[in-house]
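This report refers to the structure that appears directly beneath it.
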Amino acid sequence: MITTVVVGNPKPNSRTLTSATLLAEALTGRPADHVLDLVDLESGLLARDDEAVGAAVRTVVQSDVVVIASPTFKGTYTGLLKLFLDRFAGRSGMQGVVAVPLMLGAGPTHAMAPDLLLRPVLAELGATCVLPGLYLLEEKYNDSTELAEYTRRWEPVVTKLVATTRATARGYGAAETISPPFTAVDAADARLLRDAFGCFPSGVAAVCSLVDGEPTGMAVSSFTSVSLDPPLVSVCVDNESTTWRRLRAAGRIGVSVLSEAHEAVCRSLAARTGDRFAGLTLHTTVGGAVLIEGATAWLDCMIQDEIPAGDHHIVLLRIAGLRTGPETRPLVFHQSGFRRLIEVPT
Ligand SMILES: Cc1cc2nc3c(=O)[nH]c(=O)nc-3n(C[C@H](O)[C@H](O)[C@H](O)COP(=O)(O)O)c2cc1C
């Protein structure tokens, strides 16, 4: 959320400026990103194409919340502020901005001025101007009680308005705040996380090698491409995996991207007991990488790095050689089950 304060007091660093920055911070929970003390723009406001004035206008337009503040002179806001507001096009100049009018005055006589005079102008410029104007007595310019009272009432509205205003101004419809938002991840059990991860479909690869002359390997759905230069892929392996403990000692690791015909092969390569390679046709490279017949891609890899990541390790594999058969359809793993790809007609 970008917050800006615009201060139309001919005196620099005025009490109006202090009130406006306090209000912006109270409404958004953090200090304003920009404070535009219009007196700094001086005669630029009277010139036609002043760069600093143009930049100030852009700052306002790009903001989510703008507190527009002025002292009350002769019952209304200042000419300085008028000159600045004149730079915004009617109806659309402040579109997408949530504007909060604030005025300071010597006595209570003009307490309605922010609502009767300033707010209509901001609405006319296209700002979302829903909050009532705030009028502060000069001697109470930093009165925390008044500011706290206004904030308590309007801060939740500002949060909602910002989401909706930004979305509608950019033309993608109101962003709904989901309530209650999410299941707290701390409270999530493994089942909940598995279900969430399972929403993301992946392929399945076999990661295999000769260890002590015996084919050794496992099925992984965590295979992913990483880098072209150098050529890298990765898999995530469970810290408890006994298979990986043996595989990591191997010089070369074969990665076979399983095909849709490999459903049973995949189950076999994940089996806890028995010979995972029984009945499979294997190819072995000189370096000891083991590859599965009928895969859609074969990669001959070396381990580049192993990065601890929670209860898994991310294993970076550097590709030394490869062979692909893109006409062979891959196996798809989704929500704990195997799927097939179907072509989307163009
Ligand atoms: C479809 C599928 C995907 C799998 N993906 C992974 C994986 O990404 N990482 C992993 O460590 N184990 C994965 N597994 C489990 C291993 O294939 C295998 O069951 C596990 O390594 C067996 O434990 P062990 O290594 O102690 O023998 C997957 C299993 C299946 C069926």
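Laboratory data are not the source of any read-out in this text; all were calculated from the coordinates shown. All values derive from a computational prediction rather than experimental measurement. Here the Cβ is made from the backbone with ideal geometry for all residues, glycine too, and neighbour counts use every protein chain on show.
Points to keep in mind about this one:
- A full extension of the chain between residue 335 and residue 196 corresponds to an added length of 49.2 nm, given 0.36 nm per residue minus the alpha carbon distance.
- Beta bridges per DSSP with both ends in the chain, % antiparallel, nearest 5: 70
- Degrees between helix 144-169 axis and first principal axis of the chain (Cα, 0 to 90, nearest 10): 60
- Three-way shape call for segment 15-166 based on the alpha-carbon gyration tensor, with the a/c threshold at 1.5: oblate
- Segment 14-90 and segment 310-346: distance between their alpha carbon centers, rounded to Å: 56
- Its relative contact order, with pairs defined as Cα atoms under 8 Å and 6+ residues apart, puts the chain at 12 percent.
- Pairs from the list 74/160; 11/74; 82/160 with a Cα-Cα gap above 26 Å: 74/160; 82/160.
- Take the Cβ atoms of residue 11 and residue 160, set R0 to 41 Å, and the FRET efficiency comes out at 0.70.
- Note on residue 116 and residue 76: the model spin-label points, each 7 Å out from Cα along the C-beta direction, lie 1.2 nm apart.
- Hull volume per residue, based on the alpha-carbon atoms of segment 227-346 and their convex hull, is 147 Å³.
- In nm, spacing of pseudo-spin labels at residue 320 and residue 124 (7 Å Cα→C-beta vector): 7.8
- Against the chain, whose longest principal axis is taken from its Cα atoms, helix 15-28 shows a tilt of about 30°.
- Here residue 140 is the anchor, and the aspartates and glutamates within straight C-alpha reach of less than 18 Å, apart from those fewer than 8 places off in the same chain, are 25, 149.
- In the chain the longest region clear of chymotrypsin sites (Phe, Trp or Tyr not before Pro) that are loop-assigned by DSSP and have at most 13 other C-beta atoms within 10 Å covers 1-171.
- Length-normalised contact order for segment 192-339 - Cα pairs under 8 Å, 6+ apart - percent: 30
- Entry note, the chain: the mean residue ellipticity at 222 nm calculated from DSSP H runs of n ≥ 4, each adding -39500 (n - 2.57), is -7500 deg cm²/dmol after division by the residues and rounding to the nearest 500.
- Prolate/oblate/rounded call for the chain, Cα gyration tensor, a/c under 1.5 rounded: prolate
- Here the contact order of segment 3-169, divided by its residue count and restricted to Cα pairs under 8 Å and six or more residues apart, works out to 25 percent.
- Here the calculated FRET efficiency for residue 167 and residue 263, from their Cβ-Cβ distance with R0 = 41 Å, stands at 0.40, rounded to the nearest 0.05.
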